[in-house]
Structure formats: structure tokens, C-alpha cells
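Accompanying notes for the structure given below.
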Amino acid sequence: MTDPLPLFFALTGACFGSLTAAMAWRLPRGITVWGRSACPSCGHGLAPRDLVPLLSWLLLRGRCRHCATPVSGAYPLIEGATALFWTLCALLMSDPVAGLTVSLLGTALLFLALVDARWRYLPDAGVLLVALLALLPGRMDLIDSLSGGLAFGLLALGVRWLVGRHLRREALGLGDVKLMAAAGLWLGPFGLPPFLILSGLTGIAQVLGLRMAGRDTGDGVPFGPALCLALLACVLLPVA
Ligand SMILES: [Zn+2]
């Protein structure tokens, strides 16, 4: 009999992807996260058949059932990417509990990166979820985890203070500082060097990419997506 776990992870991941896309849309706009989804164009409430991840969008060919306004392709993309990530976690990690923890981490990081890229802030709820997942029992020695959180957090605060004092600009927002402390909880103090190298390189690539695409507005880029990508890479690749 084939292992049902990857299929279970794929379906759960698609649902979490749908939730992530909805939260990233609602939270920064101050829309309640509990109410039923509605078409932002005509306001029609969406029925359960319109809320099936990926399938609803494909069957309706990316349009609202009521007013035919195009629905952003970002939704199926986020749902599909999350489902794929969860499936890979199930296939590649021998322990299902570790697979589930890393799947949830990846989903929380995707949410944070999406919100920071568009709105330039990191919602506390997402950062808190990343921190709590790091502290789940049996993952890492608690002392290692806490000293990592402290080291990462203090370093980020120090950089924020130094740059603010000498260059009179904000290099790291407070959300970045909190996310770095949460990353420290995941990686422990010895995870700091690879994390710094990866997030630095990702940040530089992001700036260069925007510049080459002629979309550099000159007021800096949000650092959250680079931090999210670096943390996920350090957790997945045993370099730390
Ligand atoms: Zn509509």
C-alpha cells in the first residue's frame, strides 16, 4: 500500500496556502480574519465551492462567479507553492512531526515575506508563530535555542542602533529584530554565521535585481523576505 502521508500533506498544505493568501490580503487592510471571504470587486460572499484551493480558481478560469472580475493569479500560485512545499517536507523528512513543524514554519515565513514585500512590516502574529514553533519540545536543546534567540536578537538590535546613530537611517525595523530573534531560537548561536551570510547575500541580490529591473525607488528594500528565505534555507540545509 502506498504511503498516504504525502497526499495528506499536499491537501493540508493547499488549505494552509489558501489561508496564507487570505491572511496576507486581509490583515494589513484591517479586515477581520474570521469572516467569510467575499469578492473584493462585487462584495458577493464566496460559497464553499468557490473556496477549494487551486480547483476553484481553475474551474472559474480565474474570474469571480458573480461579476467575472479577474481574480489574481497570486492565489493559486501561493496555494500550489505551499502544497508543493508541504509535500516535499513529507517526502524528505523521515519524522512526520518534524515534517509538520517545518511545513508550518515555511508557511508562516511565506506569509511574513508576502506582507513585508507589499506593506513593509512584519505582523507580530506571524513572528510569534515562528518563535513558538522553534520552542516545540524535542526539536533542539532549550538552552541552545534560547541563547541563539538572545544572540541573534542582540546583534540585530546593535546593528539597528549603530546604523541609526551614525547614518541616521533605519537599517533594520523592529519587526526585523523580532524575526531575527525568532530565527535564533530555530538555529542556536552557531547558526548565526551561515544565517548572516545567506540573508546578506539574498538582500544584496534583491537590491541588484530591483536595480537591474529599473524598479529601485531609492528608499531601500524590505529586509524581511531575505531573512525568511535565509532562515528556511538554514533549517532545510544542514549547514547550521
Ligand atoms: Zn465579484
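None of the figures in this text is laboratory data; all of them are computed from the coordinates on show. Here the structure is a predicted model, which is why all the values come from computation and not from measurement. Glycine also receives a Cβ, built like all others from the backbone with ideal geometry; neighbour counts cover every protein chain displayed.
Magnitude of the charge dipole for the chain, about its Cα centre and with charges confined to Cβ atoms of Lys, Arg (+1) and Asp, Glu (-1), is about 860 debye. Average projection, convex hull of the Cα set of segment 95-145: 3.8 square nanometres. One-quarter of the Cα convex hull surface for the chain, in nm²? For the chain, averaging the hull's shadow over all directions gives 15.3 nm².
Of the residues 95, 176, the one with the fewest other Cβ atoms within 10 Å heads the list, and the complete ranking is 95, 176.
Please give the FRET efficiency for residue 51 paired with residue 125, using the beta carbon to beta carbon distance and R0 = 25 Å, rounded to the nearest 0.05. With R0 = 25 Å, the Cβ-Cβ based efficiency is 0.70. Considering segment 104-240, its Cα convex hull presents a mean projected area of 8.1 nm². Per-residue ellipticity at 222 nm computed for the chain from its helices equals -21500 deg cm²/dmol, with DSSP H segments shorter than 4 residues left out and the rest contributing -39,500 (n - 2.57). Against the chain, whose longest principal axis comes from its Cα atoms, helix 224-236 is set at around 90 degrees.
Each part reduced to its alpha carbon centroid, segment 190-240 and segment 26-53 end up 32 Å apart. Residues 39, 228, 89 in ascending order of nearby Cβ atoms (within 10 Å, fewest first): 39, 89, 228. Normalised by residue number, the volume inside the convex hull of the Cα atoms of segment 70-157 is 110 Å³ per residue. This ranking places 121, 75 by how few other beta-carbon atoms lie within 10 Å of each, fewest first, which gives 121, 75.
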